[in-house]
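Student: Okay, here's the structure, questions in a sec.
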Amino acid sequence: MPEGFAVQFAASFAAVAVLVGLAAWARIAKPMTPLDDARVLKLLAEEFPGRPIERVWVAVDGRGALAKSGAAALVLCEVGDGYVARHIPWAQAIASSFRDGVVKLDLSDVAAPNARIALQSWPPPSTPPHNRQAA
Amino acid sequence: MKPVFDPVTLAIPFFILAIILEIVLTRLKVARAHYETRDTMASLAMGLGSNVAGLLTAGVVVAATLWSYQHRLFDIPMTAIWAWVAIFLIEDMIYYWFHRLSHERRFWWAAHVNHHSSQHYNLSTALRQTWTGGIAGTWVLWLPLAFLGFPPAMIAIQKGISLVYQFWIHTEVVGRTPRWFEAVFNTPSHHRVHHARNPRYLDRNYAGILIIWDKLFGTFQPELDEEACRYGIVKNLSGFNVLRVAFHEWIAMAQDVVRHPRHALGYVFGPPGWSHDGSRDTSMTLRAQWRASQSAKHPDAGVAGDPST
């Protein structure tokens, strides 16, 4: 590795450290408030336009949600100051392990391998659908 | 290949100062931007790593460029103004097609997706550069310039100028520039659309410096006041691990090929989101679903601002 490149790399590394420190100090991430039903429906409508939502389970800590849409489970998870959404088969969602108040969902995706959502109980007892439509 | 005059190296202090300014002005509530610490760290680490990764293939790129130049058709002088005008236009058009290829075919998307994987749009996002671009081989698209007779140093300088230009457009701080500028040049507004994951905005505005290529080739989409950009990729990452940022699509592609070897060509060279059974969504199907949902909501109205309606 040429000496000039090594010097440039070291200086860039130091600059990265300074910039990350500055970003942490500034506290200018997007403001995050705990999810509620209305916000979950809005986010799901953006992620899965036109998909009917039958029922929503919002995480007790407001940092995620699960929804039933036909034969699919729509999963929403907080990541940093944003969200990640995926859909998996409903049967897979209700078969997911539930331990210590957290359901662990296998999303089978390298980009988002799994999701953990804090719920009061899981799986839900079968209830009549609310037949809600994503806004 | 780094010429004596390397625009990117010279611009690094400017990059750092501009990011500092964007953060501090936002902190002081003078400007509007969002920085999440781990996201910023991932973006900047990708930028740092791309410099190192570039070294791995630099020898091949330089050798291929020099070989092409040795077999050149014309002798184009580096001192002529017309030559700089010509390389500016030709290189920018090559960039457009490189960029379009990098979005519309999965093999090259795998190398480019990391640049779009942040859910933020700020100056640090500009530095979230690929680690695998050299391996993806898109540098081949620039070889015709050397074959035509543009000196390799001239090509490297023009590519550098393009890269430096594209830094400042990664911001929400700048709203819209004067109309004449928006009409000709790639701007923060045009590039926000490019980074947006709203179905209406997917696979639009591939331009480097001049937005005219998108207008010419039918991929231009203006930013609409009624539809705010949502940044990131269709299937966002669930963390900030730079290895996942750099390699997730390559791994996913390899998994698909292993699981469905008979459909390997589709999974490698099809559009991102292609699947042999149609169970996944491409940009085209997502836009169609969105358009259908808009039509269902407003049956009598067209879809405003959608060039395909």
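Here, each number is a calculation from the coordinates, and none is a lab measurement. No experiment lies behind these values; they were computed from the predicted model shown. Neighbour counts are summed over all protein chains in view; Cβ atoms, including those assigned to glycine, are modelled from backbone coordinates with ideal geometry.
Student: For residue B:93, all conditions in the list (1) within 28 Å of residue B:268 (Cβ to Cβ); (2) within 14 Å of chain A (Cβ to nearest Cβ) hold save one; what is the number of the exception?
Tutor: Only one criterion in (1) within 28 Å of residue B:268 (Cβ to Cβ); (2) within 14 Å of chain A (Cβ to nearest Cβ) is unmet by residue B:93, namely (2).
Student: Looking only at residues in the stretch A:11-32 that are more than 7 Å from every other protein chain (Cβ to nearest Cβ) and part of a helix (DSSP H, G or I), which one is farthest from residue A:78 (Cα to Cα)? Reasoning before the result, please.
Tutor: First pass over the stretch A:11-32, keeping only residues more than 7 Å from every other protein chain (Cβ to nearest Cβ): A:11, A:14, A:17-18, A:21, A:25, A:27, A:31-32.
Then drop every residue that is not part of a helix (DSSP H, G or I), which leaves A:11, A:14, A:17-18, A:21, A:25.
Working: A:11: 34, A:14: 30, A:17: 26, A:18: 27, A:21: 23, A:25: 22 Å.
Result: A:11.
Student: Which members of the stretch B:27-61 meet the condition of being in contact (Cβ under 8 Å) with a residue 24 or more places away in the chain and farther than 23 Å from residue B:247 by Cβ?
Tutor: Scanning the stretch B:27-61 gives B:31, B:32, B:33, B:34, B:35.
So that you can scan it fast, the table gives a plain yes or no per residue for (1) more than 12 Å from every other protein chain (Cβ to nearest Cβ); (2) under 26 Å from residue B:41 (Cα atoms); (3) buried (at least 17 other Cβ atoms within 10 Å of the Cβ):
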site	(1), (2), (3)
B:211	yes, no, yes
B:226	yes, no, no
B:254	no, no, no
B:277	yes, no, no
B:285	no, no, no
B:289	no, no, no
B:296	no, no, no
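Student: With the requirement that a residue be more than 20 Å from the chain's Cα centre (by Cα) and buried (at least 20 other Cβ atoms within 10 Å of the Cβ), what does the stretch B:36-59 give you?
Tutor: B:36, B:37
Student: What are the pairs, 6+ residues apart or on separate chains, where a residue within the stretch A:57-72 that is assigned to a loop (DSSP other than H, G, I, E, B) has its Cβ under 8 Å from a residue that is surrounded by fewer than 18 Cβ atoms within 10 Å (Cβ to Cβ) and among the polar types (S, T, N, Q)?
Tutor: Filtered contacts from the stretch A:57-72: A:60/A:120; A:62/A:33.
A quick yes/no check of all residues on (1) within 11 Å of chain A (Cβ to nearest Cβ); (2) out of contact with any Ser or Thr (no Cβ under 7 Å at 6 or more places or on another chain); (3) assigned to a loop (DSSP other than H, G, I, E, B):
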| residue | (1), (2), (3) |
| --- | --- |
| B:181 | no, no, no |
| B:239 | yes, yes, yes |
| B:244 | yes, yes, no |
| B:248 | yes, yes, no |
| B:251 | yes, yes, no |
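Student: Could you list all residues from the stretch B:22-44 that are more than 7 Å from chain A (Cβ to nearest Cβ) and closer than 14 Å to residue B:126 by Cβ?
Tutor: Hits for the stretch B:22-44 are B:22, B:42, B:43.
Student: Only one of A:76, A:22, A:44, A:119 is under 30 Å from residue B:20 (Cβ atoms) and either of a type in the set (A, V, I, L, M, F, W, C) or touching a helix residue (DSSP H, G or I) at 6+ places or on another chain (Cβ under 6 Å) (or both); which? Full working, then the answer.
Tutor: Numbers: A:76 fails: under 30 Å from residue B:20 (Cβ atoms); A:44 fails: under 30 Å from residue B:20 (Cβ atoms); A:119 fails: under 30 Å from residue B:20 (Cβ atoms).
The match here is A:22.
Student: Hey, among B:202, B:163, B:143, which residue is more than 14 Å from the chain's Cα centre (by Cα) and either of a type outside the set (Lys, Arg) or closer than 21 Å to residue B:121 by Cβ (or both)?
Tutor: After ruling out the rest, the residue left standing is B:143.
Student: So, one more: When the stretch B:96-135 is examined, which residues are found to be among the β-branched types (Val, Ile, Thr), within 14 Å of chain A (Cβ to nearest Cβ) and closer than 18 Å to residue B:252 by Cβ?
Tutor: Once the filter is applied, which keeps residues that are among the β-branched types (Val, Ile, Thr), within 14 Å of chain A (Cβ to nearest Cβ) and closer than 18 Å to residue B:252 by Cβ, the stretch B:96-135 yields only B:113.
Student: Do you know which residues across the stretch A:33-52 are under 15 Å from residue A:86 (Cβ atoms) and either in a helix (DSSP H, G or I) or away from chain B (no Cβ under 13 Å) (or both)?
Tutor: Within the stretch A:33-52, A:40, A:43, A:44, A:46, A:47 meet the criteria.
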